[in-house]
Amino acid sequence: MSLHLAYIKRVETTTIKNYLYRKPIVSIDCNGEPVSEYPSGDKGVLIKKMILLNIATYTKDNKLVSFEPIEQANQFLLSKAIEDGVLEISSISRGLVSYFSFLLELQLAWDEEFDEADFNALYDEPRPDWDHFPRIKQNKQTYLYRDGLKLLAINGDLAKSTAKNYISNVVNFYKYWLRKGYKFNNPPFEHEVVTLNLSANAFSMKGHYKKQIHTTDLRLKFSKSSRTGGTALESLRRDLKPFTPREWNALQNILMNTRRVLRHGDDIKLHSLPIEYTNHFMICRYSGLRREEAASLHCDQIVNPKMIINDVGEEVFEQPILNLGVGDKYKSFTKTPERGNKSRVTIIPASVMKSLYDYTQSERYQKRLIKFRSWCAEEIEAGNTSWFEGDDAINPDLDYLFLTQTGKPMMLRLGDFTNKWVEVRYTLNKSNSIGHKVTGSIHNLRSTFAVDLFRHLLNAKDSEGTLKFEPDVVLDRVSAMLGHESREMTMEYLEIAQDMPLGDEIYEDVLDYIGVFDGMES
């Protein structure tokens, strides 16, 4: 029996929190010995949370034999955090855990069939490893992994977005090592480097610059969905599907009017829905912010919308829609996997902004704010400064909008938003007021915003009845407000919306967007 078959191997993770990385300078001292020191002005890079990969080897009776780090994967993960400034590494780690677990399965299958007497290194395929590939393309572990992901997604065992994310992480992992000049026995996939010559912007001293694009055929593609064809709504994509007007109206009634929810295990007693959660969900719905992004907003981003008297003597907002800046420039967070805390500007209805402003003036919020400042002072005095260091740190000088009753920023407890949304959805489904089960998560508020905005801009007309914007312009503007790096992700939102039944199209706008974009030129 092969020695490999006597043991069981698994990919297991190790989590490191609040680690400060500083790049050392290595030099040779007078004795010819290497020494390292840190530059005096280097503050380092704070890594809040890093999930590293290891291969754990066990005996048949589950006794640990060895626990070795997967150095190649871990070096790539560290580079994403330190060199690329990626704040959220966990999704990349999960993708690599999936891939290296797949490699272990391939190795086990190879070991079971291996016969040393019959093996010929010139003709037989080598034992699969992360850097050792067969000559034939379809036999390479990268393509086998891609095909396996696609089958799981088609069968409904894995979300298509998750499958695409996993294969993207694998591609980026190998691109990293290809850029470093690592020598593979055979290429991991078909790979080409295309050099683009681009014109520099006005802030550059050079007229042109070069950019290298690494391309590969290792992609996951799924056929475009058509109309529902009788398929139940619950069977459509849950991760990107927008809420229908009827669904959202029912959800908004709970958020804004009844403000009472049921909790799992208690279908009788209604509990109050704290205003903080109502505000958060309304921001996600009407600004397209992600859960994390909305949770990091602070009072400097909140204004009191100006009111005017209209022609019929009514008090109305001077501007029904306002701009809302998020990201590093505005001292809040954005979740962009490849570009760090990138800034962007989206929109927010004046009515929602007014609700947020009124909340910041309330006694409830002011009490929480005082506790937040006390908490910051206590943590700093105790030496727990990791809360306040790094790109995604808590800034004690900011008045965060979402604070717990004890004064802690709610962005440290993102799971609370998810749990409360589940209660809102559960309450709606228990009432059976719309005749079918609602399954969308907080993220579906974002896609609802995207589809509403896209269809409004696409149908917006000037005073002469001419469409104001070309479809490509509309798509780019919606992409910019969502913070998407490319049109492809935005198109996924819109393609899912095309699957909605014709009798329930999302052309209705909950707010009056008429005239909002009159000053924008196409």
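The values are calculated or read from the model by the stated rules, or taken from the named source; none is laboratory data. Because the structure is predicted, anything quoted here is derived from the model rather than measured. Cβ atoms come from the backbone with ideal geometry, glycine included; neighbour counts cover every protein chain shown. Surface areas here come from the heavy atoms of the whole protein model, side chains and all, with no ligands, DNA or RNA. Shrake-Rupley method; radii C 1.70, N 1.55, O 1.52, S 1.80 Å.
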Checklist entry - Measuring from label point to label point, each 7 Å out along Cα→Cβ, what is the Lys43 to Glu125 span in nm? => result 5.1
Item to check | In Hz, Karplus ³J(HN,Hα) per residue of segment 409-415 (6.51, -1.76, 1.60; θ = phi - 60°; x = Gly, Pro) | outcome: x, 6, 6, 7, 10, 4, x
Checklist entry - By a straight-distance test (C-alpha under 22 Å), which lysines pair with Lys63 as possible cross-link partners, with residues fewer than eight away in the same chain excluded? => result Lys9
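In whole Å and largest first, what semi-axes does the C-alpha gyration tensor of segment 49-108 yield when each eigenvalue is scaled by 5 and square-rooted? Mind showing how you got there, number by number?
Details: eigenvalues 130, 30, 17 Å².
Those come to 26, 12, 9 Å.
Distance check, please: which entries in Lys160/Lys461; Lys331/Lys367; Lys150/Lys430 exceed 31 angstrom between their Cα atoms? Present the calculation step by step, with values, prior to reporting the outcome.
Details: Lys160/Lys461 36 Å; Lys331/Lys367 23 Å; Lys150/Lys430 35 Å.
In this structure, Lys160/Lys461; Lys150/Lys430 lie more than 31 Å apart at Cα.
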Next on the checklist: Under the rule a/c < 1.5 gives rounded, and otherwise a/b versus b/c splits prolate from oblate, where does segment 393-485 land using the Cα gyration tensor?
Outcome noted: oblate
Checklist entry - Under a 1.4 angstrom probe, counting protein chains only, how are Leu403, Leu151 ranked by accessible area, largest first? => result Leu151, Leu403
Checklist outcome for this item: Computed D for segment 287-330, Stokes-Einstein, Kirkwood radius over alpha-carbon pairs, 10 °C, 1.306 mPa s, to the nearest µm² per second, is 126
Item to check | Cα Rg, Dmax (largest Cα-Cα span) when computed across segment 1-150, Å | outcome: 20.0, 61
Checklist entry - How much of Glu12 can a 1.4 Å solvent probe reach, expressed as accessible area in Å² and rounded to 10? => result 50
